[in-house]
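The values are calculated or read from the model by the stated rules, or taken from the named source; none is laboratory data. Here the structure is a predicted model, which means the values were calculated and not measured. Here the Cβ positions follow ideal geometry from the backbone for every residue, glycine too, while neighbour counts run over all protein chains shown. With ligands, DNA and RNA removed, areas are computed over all heavy atoms of the protein, side chains included. Shrake-Rupley method; radii C 1.70, N 1.55, O 1.52, S 1.80 Å.
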Amino acid sequence: MRFWLKTEEMALEELDWRLYAVSQHTDEIMHQDIVPLCAAEIEDELRKKFAYLSGGRGKDGCPVITFPEYSTFSEIPEKEFQSVLTYLTNIPSSQDAGIGFILVIDRRQDKWTSVQASILRIAASFPGNLQLVLVLRPTGFFHRTIFDIAFKFHRDEYKMKLPIIMLSSLAELNSYIDRTQLTEDLGGTLDYCHNRWLTHRTAIENFAQMVKQTAKNLRSFGTELAETELPNDVQSTIALLAAHTENKDKMKEDLRIALIQGQDILRSIRKPVFENSEYNMNPDQLENQTTVERLLAQLDETEAAFDDFWSKHQQKLEQCLQLRHFELEFKEVKAALDSVSERLSHFTEVGNSCSHVEHILKDLASSEEKSHEILGKAKMLISKGDQFIQNNHYAVDSILPKCNELQHCCDTIATAVNKIRAFLNQSHELHSRLEKSMKWCDEGIFLLASQPVDKCQSQDGAESALQEIETFLETGGDNKLMELNYLFREYESILSEELMEHIQKVFQKQESMEEMFQKRRVSLKKLAAKQMRPVQPVAPRPENSLKSPCPSPGLQRDSEESSSPDSLMVRRMNMRRIKREINEIHQNRGGSVMDDEENLAVLRKHVMNELLETERAYVEELLCVLEGYAAEMDSPLMAHLILPGLQNKKDVLFGNMEEIYHFHNRIFLRELENYIEYPELVGRCFLERMEDFQIYEKYCQNKPRSESLWRQFSDSVFFQECQRKLDHKLSLDSYLLKPVQRITKYQLLLKEMLKYSKNCEGAEYLQEALTSILGILKAVNDSMHQIAITGYDGNLNELGKLLMQGSFSVWTDHKKGHSKVKDLARFKPMQRHLFLHEKAILFCKKREENGEGYEKAPSYSFKNSLNMTAVGITENVKGDAKKFEIWYNAREEVYIIQAPTPEVKATWVNEIRKVLTSQLQACRQASQHRVLEHTHSLPLPASSNNTSPSRNEARNTRKQEERNAGVVSPDGCVTSVAPKYPEKGKGWSKTSQSLDASEENDGWSSAEDPLNSSDAEEEVKAEKKLTPGKYTVVADHDRGGPEDLVLKSGELVQLMHEGEDGLWYVKNLTTSKEGWVPVNSLLVLLGNSKSAISLSSSESAAGSSTLSSSSSYSESCNVSSISFSDIKG
C-alpha cells in the first residue's frame, strides 16, 4: 500500500490521480487511445461479415483477416468498409499488428472483374501493414482461364502494389497457413462463430466503458465529499455521516455490479475450456481473456483507491462527531461544575456552636458526595480529550483548551472544599474550646454554690472545701481559655464581630469565675489557719434550697450513677413507663398532653433508641450468620460435613447478605448514631442512603432459591453443628428471614417518629423517607412478581419502570374478531394479572405452582401486551363502579377491566392517567420545540445557570406536581390526596375521546353483571382455610386478658391443631409461649403468609396490608404494620 498523506486535500489529489490513471489504462487496453471506435457503433456493418478476424495466425504470428465470398462486396459504402477494416486492424495487440496482417480473399465463385475490383479496393483502403495477400481464384473453367490470362498480363502491376499470391485450391492455402488456423469454410479446423465473436467484443467494450465511467463517478464523488463543510452540531454530523455512508454504499454497489459483469464475461470466454479440457483457445480468444483480466485489475485498483480515500474521509467525519459530542458534554459538565461552585459559595457561615458546625460539615460532606459524580464525569471527559489528542485528532486546538478549563474547574472546586472544611474545622475547634470553658465555668460556679457555709466554719470543713477548690482548679489546664489576643491571632481567619463578642463574653465569665475562686480560696485559707467561733449563716442551707443556675450535666450524671447503680436499666424502664403514661393521659384528656413538646421529645428519643438498638442487634445477627455459617462453608475443617449438593452453593443460600452487612455496619449504623441528639432529623439519613437500600431487592429476588436449597438440606449435619457452636435456639432459616423483616421494620419506626415530629423541622424529611421506603418495598414486591413472568420474548427492562401490578377480571371486544367470538367474549371474563410499565401493559395468566413455600409461589404466563403510545382509557363503565376500559388503536381492541374494589380501580386509573399525561406533555414540548426552531426564536435562559432552587422549593414544586397529577400514596390505593374522579361520561386518551362516543360503539358494556360467570381457561380458586404449619405474623395482637397469647409482627408461630368454638392452639416459636387464638384473629394476623417468604401481592382481600399497589391500607384498622401479605415462614 502506498503511503498516504494525512490531510484530506492531499488524499483527494491522490484519488483523482489514481482514477485518472485507471481511465487512461482502460483506453490503452481497448486501443481507444488511437482509434476511439467501438463494436456497438458499427454492429450492423460487422454483422454483414464481408470481412472478419477469425483469430487464426500465420506462421510468423501474423493475424489473419478473411474476406469471404460476398456477392454485393462492390456495393458496400466506402465509409462502412473503411470503418470495419479500421476496427478489425485495431483489435490485435500492437506487437502482432506490427508484424503485418495476412489477408485471405475467397473469390472461388466470383468473376475476374469482381476479383480485380475487390483486390484493388482492399489495397487502397487497408489501414494496417500487409504481410501477405492470398487469393483463392475462381474455380469455373471460363472465369479461371480469363483470370489466369489477366493475372499474367497484369502481374507486374500487382507486384508493385501488393504481395499477392493466387491460389487454385485449399490445399495450396494450407501450405501458407496451417489448417488449425483456418476456419471450416476454408478447409480448416478453427472454431469460429461470428455472432459469438461479436457478442464477446460488445460485452468487453461495454465492460471497459463501465470501468471507465465508474472511475469517473468516483472522482466526482470524492470531490463532493472533500468540498463538504463539517457541521457544527451532533445531529447534523450524524446525518451527514449517514448520507455520505449511504452514497458510498451505492458506489460500492456499482463497483460490485461491474465486478460481477467482468467475471461473467471472463467465464463466457473460458466456457469452451471448461466444457472440453482439451480445447485450445485461439490467440484472439486469449487476447480477449487477457483484456478482461486487465480490466478487472483496473477495477480493483479503482476500488482500492476509493477505499483509501473513504477511510480518511470517514475518519475525519467520525472525529468531527467525536468533537461535537465532546463539546456537548463539555457544556453539560461545565454547567454542572458551575452549579457545584455556586453551591459551595453559599457555605459562608462558620457556625455559632459545635452542633451547628457539625451540621454544616455534614451538609458540606453531602454536597461533596453529590459533586463526586460531576467531578468524575469531568475527569472522564478530560481523559477522553487527552485520548483524542494522542490519536492525532484534527481539532487539537479546540480540545486542549477545554480540557485545561475543566481541570482548572475541578482543582478550584477541590481547593474550595478543602478551604471551607479547614475553616469549619477551625471553627469547630474554637467553639469546642469555648463550650469546654463555659462548661468548666458552670461547674465551678456550681461547686462554689454547693459548698455548705456552716461546715466551712470549722478547720476541717475549711480544709476540705479548700481541697475541693484546688482539685477543681487543677482541671482548668485543658478547659480554660488562654490569653485573649492569642485566640484572636490563632483564629483570625474565621473571626466575625459576633464571634469576637462571644469570645470576649466567655473570657469575661472565666475571669469572673477565677476571681470568685481566688476570693473563696483566700477566705478558706484564713479559716483553715486558725480556729474561729462558728458564725450563724445568713443564707439558708445550700443543700436544701440552693440550686445551680446552670446545672452541670456531667455532675448530674455522676450523682445519678452514684445514687443508682443500675441507672441504665432504670432509664429504659422509665422510658417505657413514661410512654405508657403519656398514652393513657392522651386517651383520658383528649390529647392535650401530647401537645407538650417536652413529652414529644421524650417519645422521639425513645423511638430513636429503639431504632439504634434494633439496628445494632440486626448488624450483630448478620455478622453471626456470616461468620457462623457462611464462613464455615469455606472452612476445610467443616468440609467433610457438607453434602455434595450443598457445595459451592453459598451465594445461593445467603444471597448478597454480606453486601447488606457491610452497608449497615460500615455506613448506615454509623450515620444513624450521628442523629442521637436530633432524632427528628433522622429522615435525612434515610434519604441520603435510599439508593443503597436497593440491595434488598436483589436479596428478596434470590430468597426463593435460598428457601428451596434450605428445605433440601435443612437436616444436614453441617447446619446442626453450626447451630450448636453458635448456641442458637432457632435454625438458620429464621436468620435468613432477618433482612426481609428489617426492611419492613423501618417504615414502622419512621411512622412512629413522624407521629411525634409533625411540628418539628425534620417532618418533611421523615415523610419523604417514609414514602421512599414504602416505594422500595413496593418495588421489591413488584419485582418478585415480574421475575415470575414466563413466555415473554422481549426484554422486560426495555418496557421501562414497573409502576403497578395486580389481578383483575377482563372482558375483550375486538372489531376484527369473529362475531360469535365477540359475543362470547362479552359475557365470559378472564382472570388476568396486569403489569403496568411506563411503555406497555402486559396481560398475564396467573398459575399456582405445586409444592410448599416458595415453590408454591405463582408464575405468570404472558398472553398479550399493549404499547402505551396507542392506549386510551375510559374511566367509568355503566353498571359497575369497579370497571374501567382500556382501548387500543382507536378502539380497535377494547378491554373491560374489573378491579377488586373501587379504590384499586381509582389507583390504576390515576397511574395510567399520569403515564398518558406525561406522553401528551412530551408530544407538546416536542411540537413547541419544532415551532421555536421554525420561527428561529431564541430559547429562554435556564434558571439553573443563575441560582439553584433550595431543597424545600424543589420539594414543594414536586408536591404540587403530584397533587396536579393525582399521585397515589405508596401505602396502597388510598391516596394522600383524595382521588379526583372525572365527570361522568368523560374518557381519557391521547385523542381526548369522550365516553359518549365510546358507548355508541360498545353499548354491551352495560349488560348484566357477569361477576358469577367463569373463564373456561381459569382454575376455580378454593376458599382459604388454615392448616397446621409454620406462619409469620404480619400484625400485632396484644388484645385480650393478661393470660392470652401475645403476638408481634414478624414473629414466627406454629399452628398446632384446631380446637372447638373456632379456636386454634398456637405456639409462638420466637417467645416459646403457647395459647389459644380465635380463627378470625388468625386470618387477620397471618394474612396470606406461609412457612416461606413470598413477595406476591394480595389479590383477593382488598383490606389486607400489602406492598402491592393493587391492595388497600387503612390507618384506622388495628393492624399496626404494613408487611408482606404473602410472606410465608
Query raised in the report: So who's got an amide H within less than 5 Å of the one on residue 804, skipping anything under 5 residues away but keeping other chains? H placed 1.01 Å off N, in plane.
Result: 836
Report summary line: Each label sits 7 Å from Cα toward the beta-carbon; between residue 500 and residue 796 the label points are separated, in nm, by 6.8 nm
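Can you check what the net charge comes to around residue 839, using other residues whose Cβ is under 13 Å from the Cβ of residue 839 (Lys, Arg +1; Asp, Glu -1)?
Numbers: positive: 801; negative: 798, 838.
Result for the neighbourhood of residue 839: -1.
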Report task. Could you go through segment 290-303 in sequence order and give the Karplus-derived ³J(HN,Hα) for each residue, using 6.51 cos²θ - 1.76 cosθ + 1.60 with θ = phi - 60°, rounded to whole Hz, and x for Gly and Pro? Result -> 5, 4, 5, 4, 5, 5, 5, 5, 5, 5, 4, 5, 4, 5
Requested in this report: In nm, give the distance between the simple-model label positions of residue 421 and residue 519, each being 7 Å from the Cα along the Cα-to-Cβ direction.
Outcome: 4.9 nm
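At 0.36 nm per residue, and after removing the present C-alpha to C-alpha distance, how many nm does the segment from residue 80 to residue 307 gain when stretched out fully? Display every interim value, and only then the final one.
Details: separation 227, 0.36 × 227 = 81.72 nm, distance 4.42 nm.
My answer for the length gained is 77.3 nm.
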Query raised in the report: Separation between the residue 229 and residue 341 pseudo-spin-labels, each 7 Å from Cα along Cα→Cβ, expressed in nm?
Result: 3.3 nm
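Using a probe of 1.4 angstrom, how much of the accessible area of segment 411-531 is carbon and sulfur, in percent? Present the calculation step by step, with values, prior to reporting the outcome.
Values: 3480 of 6860 Å².
Of the solvent-accessible surface of segment 411-531, carbon and sulfur hold 51 percent.
Please compute the per residue accessible area over segment 295-434 with all protein chains in place, 1.4 Å probe, rounded to a whole number of Å². Numbers along the way, then the final one.
Details: 6890 Å² over 140 residues.
Dividing the accessible area of segment 295-434 by its residue count gives 49 Å².
Quick check for you: with a 1.4 Å probe and neighbouring chains kept, what is the accessible area per residue of segment 231-287, in Å²? Before the final figure, lay out each step's value.
Numbers: 3430 Å² over 57 residues.
Ligands and nucleic acids excluded, the figure is 60 Å² per residue.
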Query raised in the report: Tell me, what ³J(HN,Hα) does each residue in segment 263-275 have, in order and in whole Hz, if you take phi through Karplus 6.51 cos²θ - 1.76 cosθ + 1.60 with θ = phi - 60° and put x for Gly and Pro?
Result: 5, 4, 4, 5, 5, 5, 5, 8, 4, x, 5, 5, 7
Requested in this report: Hey, can you grab everything whose amide H is under 5 Å from the amide H of residue 840? Only 5+ residues off in sequence or another chain; H modelled, so Pro and N-termini drop out.
Outcome: 868
Report task. Could you pull out which residues in segment 355-394 have an amide N less than 11 Å from a spot 7 Å beyond the Cα of residue 327, following the Cα-Cβ vector? Result -> none
**Report entry** Vicinal HN-Hα couplings computed from phi for segment 678-685 (Karplus, 6.51 cos²θ - 1.76 cosθ + 1.60; Hz; Gly/Pro x)
**Finding:** 10, x, 5, 9, 5, x, 4, 4
Query raised in the report: Nearest 0.05, what FRET efficiency do residue 613 and residue 1046 give at R0 = 22 Å with Cβ-Cβ as r?
Result: 0.65
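Leaving out ligands, DNA and RNA, what percent of the accessible area of segment 653-744 is carbon and sulfur, probe 1.4 Å?
Details: 1690 of 4030 Å².
Taking all protein chains in place, segment 653-744 shows 42 percent carbon and sulfur surface.
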**Report entry** Segment residue 408-residue 356, length gained on full extension (0.36 nm per residue, minus Cα span)
**Finding:** 15.5 nm
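Multiply the residue separation of residue 720 and residue 379 by 0.36 nm, subtract the distance between their alpha-carbon atoms, and state the gained length in nm to one decimal.
On the way: separation 341, 0.36 × 341 = 122.76 nm, distance 5.30 nm.
Gain on extension, residue 720 to residue 379, equals 117.5 nm.
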Report summary line: Lys and Arg at +1, Asp and Glu at -1: neighbours of residue 625 with Cβ under 12 Å from its Cβ sum to -4
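Which entries of 649/1048; 250/312; 698/845; 331/839 show an alpha-carbon separation above 23 angstrom in the structure shown? Don't skip to the answer; put the middle values down first.
Values: 649/1048 33 Å; 250/312 18 Å; 698/845 25 Å; 331/839 31 Å.
Over 23 Å Cα-Cα: 649/1048; 698/845; 331/839.
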Requested in this report: Mind listing the long-range amide H neighbours of residue 812? Cut-off is under 5 Å, sequence gap 5 or more, other chains count too, H placed in the peptide plane at 1.01 Å from N.
Outcome: 896
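Rounded, prolate or oblate: which one fits segment 217-320, using the alpha carbon gyration tensor with axes a ≥ b ≥ c (rounded when a/c is under 1.5, else prolate when a/b beats b/c, else oblate)? Could the numbers behind the result be given before it?
Values: a/c = 4.78, a/b = 3.55, b/c = 1.35.
Prolate, since a/c reaches 1.5 and a/b exceeds b/c.
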Query raised in the report: Just how far, in whole angstrom, is segment 329-359 from segment 196-242 if you go by their alpha carbon centroids?
Result: 59 Å
